Structure formats: structure tokens, C-alpha cells
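Shown next, in C-alpha cells, is the structure this report addresses.
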Amino acid sequence: MAKDAPRPVIVWFRDDLRLADHPALHEAAATGAPLVCVYVFDEQSAQLRPPLARPLGAASRWWLAQSLRALSSSLQTRGAALILRRGPAADSIAELARQLDAAAVHWNEIEIAPYRAVADDLAEALSIAGIAHHRHHGDLLAAPAAIRTKEGRGLRVFTPFWRRVLSLGDPPQLLQAPARLHILPDVPSDDLASWQLEPTAPDWAGGLRDTWSVGEDAARDKLHSFLEGLPGYSTGRDRPDREATSRLSPHLRFGEISPRQVWFAARFAAAERPAVAADVDKFLSELGWREFCRHLLVDHPDLAARNLQPAFDDFPWTGDDTALHAWQRGRTGYPIVDAGMRELWHSGVMHNRVRMVVASFLVKHLLIDWRLGEAWFWDTLVDADPGSNPANWQWVAGCGADAAPYFRVFNPVLQGEKFDPNGDYVRRWVPELASMPAKFIHQPWSATPVELAATGVTLGGNYPAPIVEHKAGRARALAAYAKLRQR
């Protein structure tokens, strides 16, 4: 670099794969210095800090590859490039900064313990090298430090937590994506294909490709179309047979859209159309649940490994591998459960109501440790979030924050009949039952042999009989929970 040339500034992209409302990129671009935009695929740092961090699951790896391509394309339209590196992020960024004689490194903070630990390591290395670093806030609506008890702890009940967030008012205003970026040319980059994020043999990602458009533009379009169809969301969101939810969760997970963007777009919709105000409030409370789960990680970074309520450490989980495998493959004999698990396998996502049903079935009907279900979701969900995934599983199991009461055991038949009354969701994902009348589709075993024959269903043949009887499973679960309470 020529002596008179301005020193470059590095922007470290993390789980914030977007250009709009990106504080680190915004501030770095405002310096006028040439930019180096970098993403580091870091699996090694996670291995150094178990159980606080885990490598991405297979479905999330697929999403990451598509998201990086989309971000690279967006940068190219602004005259920039995305530099890819692999290895420990702190070491990789610090080394690059020294090689380029960078003036500063900017990044957005991710409020998760192992993410912060890596950022702390980088900050220390840059300070030693005499390179400035700037940490920005853009991952959450509210900083965890702003939502604490008098004793300095985070809140563990959602309703008062969300009230506190709402009392803070609107988050900082949105930042526009830079129209043009001044870059430092000829910085070496890895080839994305060399990271092998996508499956090849076998290529099981066909369903993901059919289901999703990935990237910042897709996230923005999805938010817009969802808000256009918002009326009725507060009740329709529980219906898996309808397209009533936002499906923004994977876009939020990888930061293709920020929670602030969602917040302001929803608030604008409510101001423009007062009739949807209740639907907006419900939708924003779902965004608030994501926030709540992320805040839990501040005090409980091992949320995916340890019961939030220690009393559950002695819970008598079973080790039924056969039942676990049947659940994973959507072969439990309960149509709403099987439909959800097959939707997950095909599309990398599952309707939120059905997630609660299938999770309850695993931990209560089958008495299988919630951590095994959480691990399966971590590998198969494209929206597997380090906060929401374990927090939701602990909520269902009864061992988490603001958890469901132990005596709440979802009846999969009644849940199906209430939220998929015509059986359309089941028919889509369990084609063996496509000809089953609505009155039998959620409990095919109640049909007579003649009625079953007319629909082509053979229980125990082309569709399994229930692997556990509901009343017996519920009674066993309640007995186990009652003993735990007695202890």
C-alpha cells in the first residue's frame, strides 16, 4: 500500500448478513476509507468452549451458504466484495488487520456468551497491535443491561420482561444501506464451495431449495407480503393448514433482516391500518419472545445443555431409541405429530403450534430427554437459534423460564382436530392418509376396518399404529412429574 493511501477499515460480518440497518457497516462506510468486508467461518472457537457453542447443524449450514451468496451479490452491486476466511475468527480477523495495516475493525455485537468471548479475544488482539476496534449494537431491540432486576439479574418471566422492553419506547432509528462502497481491491478470499456447507452425496436439500428464497431481499419481501396479509394473524397463527405466519425466523436467525426493521415495519402497519393493531401487538410479542430467549442466554449460556430449573436434573427420562427414531422420522402413529416431523425434514421449518405438539409428545408421552429433541431440531431447522431453540424445548419440558405447567400434556388428537380441522395439513405431509375423512384423519385407529380399507390405510402397514396410547402416556408423564415435585 502506498504511503499516502488511506488505511483500510475492516467490517466483520457475523450473524448479520445484510447491508441495511447494519451499524458496523454504516459507521465504517462513513469514514470514507477503503473497506474490507469479511465473513469468517469459525467452527474451531465453538469447539474450544463446549457446551456454550456448537457447530451449525446441517440445515443451517445449507442456509448459510445461500445467505453468503446473497450478501456477496448485494455487495457487488455497490462495488464491494465479500472476503471469506475459515478458522478461529479472532485470529483470522486480527491477522488480516495486521497484514493490511488496517486503521480499525468494526463489528456488530451478538449477545451470546461464546460470540462475546470471541469478540473479546479479537478486541484484545487488536489492542495489542495498536488497531482500533468498534463494537456496535444491532442484534436486539434492547440491550440486556437495560432489562435487569434490582439484583442485576435478567428476568425469567416473559410478560414483565416484554413490558420492560415496551416501556423503553422505539429502538434506534433504522440505518440505510450504503449506496456505494469504497473497497480495498485484491484481498485474497476462500472459495465458498471449499467449505462444503451444502450436501452433495446424497443431496438431501431439494426440499429446502423448493421452500425458501434466501437473503436480505427475500427477507424484506417476505416481511412486506406478511404485513399486507396481517388481518387475522392473532388467531390464524395457530393454524398449520394456513399460510398465516411470517416465516421470518430463519432470516432473523442469520441477520438478513434486523429485529428493528421488523419492529418499525409492524408499527407503521398499525399506524396506517388501526384495525390490525391487535394483530401487530401479537406479532411483535412473538418478536419479543425471540428477544426474551436471547436475554436468557446472557445469564444462562449453557441453556442447551443444562436444565434452567435444577430440580429437573433427577428427572427419570427413558432411553427409548426406537421411539426416538420413530419420532424423528414422523412414524409415531399420531398424524399431527408425524406431519410436523415430515414438514421439518422436507422444508427445514415447522409451524410453531405443531412444534409445541411434537415437543410435548417427545418429552411427555415418550419421556425422552428434551435435549435429544433440541439436538434434532438444531440439526434440521434452518432457523435453529441458540436462544429460542433450547428455551422453547425447556419451556415445553417444564424445566425452563416461564415454563408450561407440568400437568399440561398436549393431546395430539385434540390439537389436530382444533387447529387442522379439515386435515389439510396432515394430508399434505402424510400422503398415506390423503383419502382419510376429516372425522378420522387425526385418529385413524378409530375408523372401522371397512372404513380403513376404503381409504387404503393399513395400520401397522403403510401407516403405523400409535407407538404409545395417549391416556397411558399422559398418566406416566404426570406420575413422573408428581414424583419430581415431591422430591
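Each value in this text was obtained by applying a stated rule to the coordinates, not by laboratory testing. Note that this is a predicted model, so its numbers are computed, not measured. Don't worry about glycine lacking a Cβ; one is built from the backbone with ideal geometry, like all the others, and counts go over all protein chains shown.
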Going residue by residue through the stretch 358-366, the Karplus relation 6.51 cos²θ - 1.76 cosθ + 1.60 with θ = phi - 60° gives ³J(HN,Hα) values, rounded to whole Hz and with x marking Gly or Pro, of 5, 5, 4, 4, 5, 7, 10, 5, 9
Charge dipole (the chain, unit charges on Cβ, about Cα centre) - positive-most of His365, Ala29, Trp429:
His365
Taking the number of other C-beta atoms within 10 Å as the exposure measure, put Met356, Met436 in order starting with the fewest.
Met356, Met436
Given the rule -39500 (n - 2.57) for each run of at least 4 DSSP H residues, summed and divided by the residues of the chain, what is its mean residue ellipticity at 222 nm, to the nearest 500 deg cm²/dmol?
-14000 deg cm²/dmol
Calculated FRET value between Lys282 and Ala179, using beta carbons and R₀ = 45 Å, to 0.05
0.80
Listing Ser194, Ser249, Ser189 from the residue with the fewest other Cβ atoms within 10 Å to the one with the most, what is the order?
Ser194, Ser189, Ser249
Evaluate the charge dipole of the stretch 307-453 about its Cα centre and quote only its size in Debye, nearest 20, assuming +1 on the Cβ of each Lys and Arg and -1 on the Cβ of each Asp and Glu.
420
On Cα atoms only, tilt of 335-347 relative to the major axis of the chain in degrees
30
Vicinal HN-Hα couplings computed from phi for the stretch 465-479 (Karplus, 6.51 cos²θ - 1.76 cosθ + 1.60; Hz; Gly/Pro x)
6, x, 7, 8, 7, 4, 4, 5, x, 5, 4, 5, 5, 5, 5
Cβ charges +1 (Lys, Arg) and -1 (Asp, Glu), total dipole of the chain, debye:
1260
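With a ≥ b ≥ c the root eigenvalues of the C-alpha gyration tensor of the stretch 421-487, is it rounded (a/c under 1.5), prolate (a/b larger than b/c) or oblate?
Prolate.
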For the stretch 155-164, 3J(HN,Hα) per residue [Karplus equation, 6.51 cos²θ - 1.76 cosθ + 1.60, θ = phi - 60°, Hz, x = Gly/Pro]:
7, 10, 10, 5, 4, x, 4, 5, 4, 5
Can you figure out the FRET efficiency of Arg163 with Trp195, using R₀ = 60 Å and their beta-carbon distance, to the nearest 0.05?
0.90
Just to be sure I understand, if you calculate semi-axes √(5λ) of the Cα gyration tensor in Å for this structure, which of (i) 42, 35, 19; (ii) 42, 24, 23; (iii) 51, 27, 20 do you get?
(ii)
Using the basic label-point model (7 angstrom from Cα toward the beta carbon), what is the Arg148 to Ser127 distance in nanometres?
1.9
Could you tell me which of rounded, prolate or oblate describes the stretch 310-481, using a ≥ b ≥ c as the square roots of the eigenvalues of the alpha-carbon gyration tensor, with rounded for a/c under 1.5 and, failing that, prolate when a/b is larger than b/c and oblate otherwise?
prolate
If neighbour count is taken as other Cβ atoms inside 10 Å, put Glu256, Glu109, Glu43 in order from fewest to most.
Glu43, Glu109, Glu256
If one takes the longest principal axis of the Cα atoms in the chain, at what angle in degrees, from 0 to 90 and to the nearest 10, does the Cα axis of helix 388-397 lie?
30
Relative to the Cα centre, what is the charge dipole magnitude of the stretch 9-139, using +1 at the beta carbon of each Lys and Arg, -1 at the beta carbon of each Asp and Glu, and rounding to the nearest 20 debye?
420
Could you state the angle between the C-alpha long axis of helix 113-129 and the longest principal axis of the C-alpha atoms of the chain, as a value from 0 to 90 degrees rounded to the nearest 10?
10
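Subtracting the Cα-Cα distance from 0.36 nm times the residue separation, let me have the gained length for Val450 to Arg273 in nm, one decimal.
The span from Val450 to Arg273 would gain 58.4 nm if fully extended.
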Can you find, among Val457, Gln44, Pro412, the residue sitting farthest towards the positive end of the charge dipole of the chain, where Lys and Arg contribute +1 and Asp and Glu -1 at Cβ?
Pro412
Under 5 Å from the placed amide H of Cys37, counting only residues 5+ away or on other chains, we find Val11, Ala81, Ile83
